[in-house]
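Taking it in order: structure first as structure tokens, then the write-up.
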Amino acid sequence: MTKHRLTRRTFLTATAVGATVAGFPLPLRAQPKTFKIGVIHPVTGALAEPGQACRLGAQMAADAINAAGGIKAKGGVKLELIVGDTQTKPENGRVEAERVVNRGTRMLMGSFDSGSTNAMASLAQQRRVPLLIDIAAADPITANVAKSVKDGQQKVQYVYRNFPTGSSFGRKAVQYFNEIFKEANASPKRVVLMYCNDLFGQNQARGFQAAHKAANPSWEIVEAIPWPEPPSDLATEVSKAKAAKPWPIIRPRQDVTAAPTNVRRPR
């Protein structure tokens with residue numbers, strides 16, 4: 001049997017190689033091939049059209065990033081989307097989120113509608129996977145998570161949004177109505193508020209009513225009528241709205257720019 005002698009030169013060479021490998025940061029030595037993002041939207045069902053658009057937008061963004069060299073801060077790691085479909089059923093939000101997380105996704109995005117996104121939020125907090133909300137605007141989704149962290153019930157907030165909240169829609173709607181009525185020198189007196197009876201619609205309606213109360217405009221909300229989601233036949237809701245007798249625009253604005261009658265206009 002041949003014996004291998006550990007010479008000083010061999011020892012120094014081996015030590016240098018080991019030091020060189022150890023000198024690289026751990027993420028570069030064990031870098032994953034892709035960074036997986038769970039992209040969940042309602043691509044079938046009543047909200048299929050906007051859901052498919054959201055998925056397409058996410059894929060276009062990932063393709064553009066990958067074509068530009070990937071995530072440079074992570075050594076050029078490419079993005080891989082693991083897609084999910086809630087089928088426009090709020091209860092499927094958590095189911096799909098858990099499925100894609102179990103497939104190795106390190107971040108979640110979705111889910112257009114507030115109901116399924118709210119279900120995703122609880123899973124994101126539980127599994128400690130960041131969730132970026134696109135579109136879903138109901139305030140409680142992020143507000144409840146933020147409150148639980150502030151109260152010490154949870155340590156870290158993993159749920160964030162990049163879209164305005166539903167209550168802000170209501171506030172802006174009242175503001176814009178008043179501006180339009182003032183510019184037109186006309187205003188309704190009786191208004192019927194109709195909204196979708198889901199998490200988003202209820203949240204937006206509350207924001208609208210709160211803003212109306214604070215602004216105290218010349219017009220009043222005589223009835224608030226929710227409709228079911230998904231809608232089928234709204235004949236009952238429309239009849240109820242008519243019975244409330246909303247008062248449309250009054251006092252049409254005088255056209256102060258009209259030319260004198262004795263001036264001929266070009267045809």
Modelling each spin label as a point 7 Å along the Cα-to-Cβ direction, I'd like the Ile65/Ala210 distance in nm, to one decimal. 3.3
Looking at this model, which pairs from Lys213/Lys245; Lys78/Lys155; Lys33/Lys89; Lys33/Lys155; Lys36/Lys74; Lys89/Lys150 are more than 23 angstrom apart at the alpha-carbon? Lys78/Lys155; Lys33/Lys89; Lys33/Lys155; Lys89/Lys150
For the range 141-248, with all protein chains present and a 1.4 Å probe, just round the carbon and sulfur fraction of the accessible area to a whole percent. 56
Rounded to the nearest Å, what's the spacing between the alpha carbon centres of the range 198-247 and the range 115-174? Just the number, please. 25
Considering only DSSP states other than H, G, I, E and B, which trypsin sites (Lys or Arg not before Pro) in the range 86-132 qualify as loop sites with at most 16 other Cβ atoms within 10 Å? Arg103, Arg106, Arg128
For the range 127-223: accessible area per residue (Å², 1.4 Å): 57
Label-point separation, Lys147 to Lys74 (7 Å along Cα→Cβ), nm: 3.4
Quick one: Karplus J couplings for the range 94-103, per residue in order, coefficients 6.51, -1.76, 1.60, θ = phi - 60°, nearest Hz, x for Gly and Pro? 5, 4, 5, 4, 5, 5, 6, 5, 5, 8
Restricting the range 177-246 to trypsin sites (Lys or Arg not before Pro) in coil, as DSSP defines it, with at most 14 other Cβ within 10 Å: Lys189
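The values are calculated or read from the model by the stated rules, or taken from the named source; none is laboratory data. Everything numeric in this text was worked out from a predicted model, so none of it was measured. We place every Cβ from the backbone using ideal geometry, glycine too, and count neighbours over all the protein chains shown. These area figures cover heavy atoms from the full protein model, side chains too; ligands, DNA and RNA do not enter into them. Shrake-Rupley method; radii C 1.70, N 1.55, O 1.52, S 1.80 Å.
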